[in-house]
Each structure stands twice: as C-alpha cells, then as structure tokens.
Amino acid sequence: MYHHYFSTPKGFPRPFIHITADHNGIIGVDFVNQINEKERKNVHTEQCIKELEQYFNGERDNFSVILNPSGTHFQKRVWQQLGEIPYGQCWSYKELAIALGSANFCRAVGMANSRNPIALIIPCHRVIGHDGKLVGYSGGLDIKSWFLDYEKNGNSRKIG
C-alpha cells in the first residue's frame, strides 16, 4: 500500500488530501486534518500529486491518473458516470440516475455516490439535490461547497 499527503491550498477546509494507491492505481482520496501514516509513494501517487497540483493551479479540469476503486458493479457504473459530469457543472441525483438508465435508481445512485472512495478525482461533489441544495458529501458539505465554488469561479484561487 502506498500513501501520500498532499498539502491543500490556503482556505481549503482541511490541510491535507490523503492519497492511497496499490500497484494497479489510486484506491482512495480523502480529506484529513493530520498525517497519520508514513508516506510511501509509487508511480500512481506521483501522477496523482502532479494532477492535483495542476487542478489547484487552474491548469487541469479532469484527471487521467489510473484509478482502482473497490466497489460493486453498480457502484463502479455510478462512479464512471460521475466522470461524465462536465467541470463546473452540477447534476441532480435524478439526472445521474436517468443517465444510468432509470429515475428509479435515485436512492441507489445516492448510496453509491456516498461510497465513492476517490473523492474529487471521481467528481461526486458535482451532484446536488433536485432543488439545487447541497446534500450528501462524505468529505463534508464545507468541502463540497469549496469545490463547487472553485470550479464555478474559474479556478481563481491558485496555490501559494
């Protein structure tokens, strides 16, 4: 298992993004307040670090790092569909469910979204309630709000 802690930009709600990888790709990205494990990098964490730097510097609006999330077939379908939400836009859970084949999938889509192990890179922050309200984000609504504002305002917040 490989770990790296990426220092977030000034004003971000948590000081670090914890990146976890195995030999096949990134398996986890979450937001933490402290470093809890010794860092051990591999090619996937190095690529992820580079792409996060580019994202936070306004030079990247999607990610190409290899991902290896663990989940059910349906969860993986949802996570793949999340990657289709354009940068700076939001979809409702219903829109996401319809894109997956049925409005009846709303609850299952919400559950899969909440279990996304690779936050930000799989952009679950771009899913909002049907009424436009921010709902459900495992990293916290403060982080979801930060990302949506950052993407909406054209990356006006640069690192440094």
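The values are calculated or read from the model by the stated rules, or taken from the named source; none is laboratory data. Since we're looking at a predicted model, the values are computed, not measured. Using ideal geometry, Cβ is built from the backbone for each residue, glycine included, and neighbour counts are taken over all protein chains shown.
Things to note:
- When Asp61 is tested against (1) part of a helix (DSSP H, G or I); (2) under 14 Å from the mean Cα position of the chain (by Cα); (3) of a type in the set (Asp, Glu), exactly one condition is not met: (1).
- Selection of segment 11-31 for residues being more than 16 Å from Lys144 (Cα to Cα) and either touching a residue at least 40 places away in the same chain (Cβ under 8 Å) or part of a loop (DSSP other than H, G, I, E, B) (or both) yields Ala21, Asp22, His23, Asn24, Gly25, Ile26, Ile27, Gly28.
- Residue, surrounded by the most Cβ atoms within 10 Å (Cβ to Cβ), within segment 72-111, restricted to residues that are touching a residue at least 40 places away in the same chain (Cβ under 8 Å) and under 19 Å from Tyr55 (Cα atoms): Leu82
- Count of segment 70-97 residues which are within 26 Å of Asp149 (Cβ to Cβ) and either outside any helix (DSSP H, G or I) or not aromatic (Phe, Trp, Tyr) (or both): 18
- Meets criteria (surrounded by fewer than 18 Cβ atoms within 10 Å (Cβ to Cβ) and in a loop (DSSP other than H, G, I, E, B)) for Gln34: yes
- Any chance Pro117 is touching a helix residue (DSSP H, G or I) at 6+ places or on another chain (Cβ under 7 Å) and under 21 Å from Phe6 (Cβ atoms): no
- Scoring His125 on the criteria (1) free of Cβ contacts under 8 Å to residues at least 24 places away in the same chain; (2) farther than 26 Å from Ala21 by Cβ leaves a single failure, condition (2).
- Contact map, segment 38-63: first residue touching a residue at least 24 places away in the same chain (Cβ under 8 Å) and under 14 Å from His18 (Cβ atoms), second residue among the polar types (S, T, N, Q) and crowded, with 21+ Cβ neighbours inside 10 Å, Cβ cut-off under 8 Å, separation 6 or more or different chains; the map is empty.
- Any hit, segment 110-117, residues being at pLDDT below 90 and among the hydrophobic types (A, V, I, L, M, F, W, C): no
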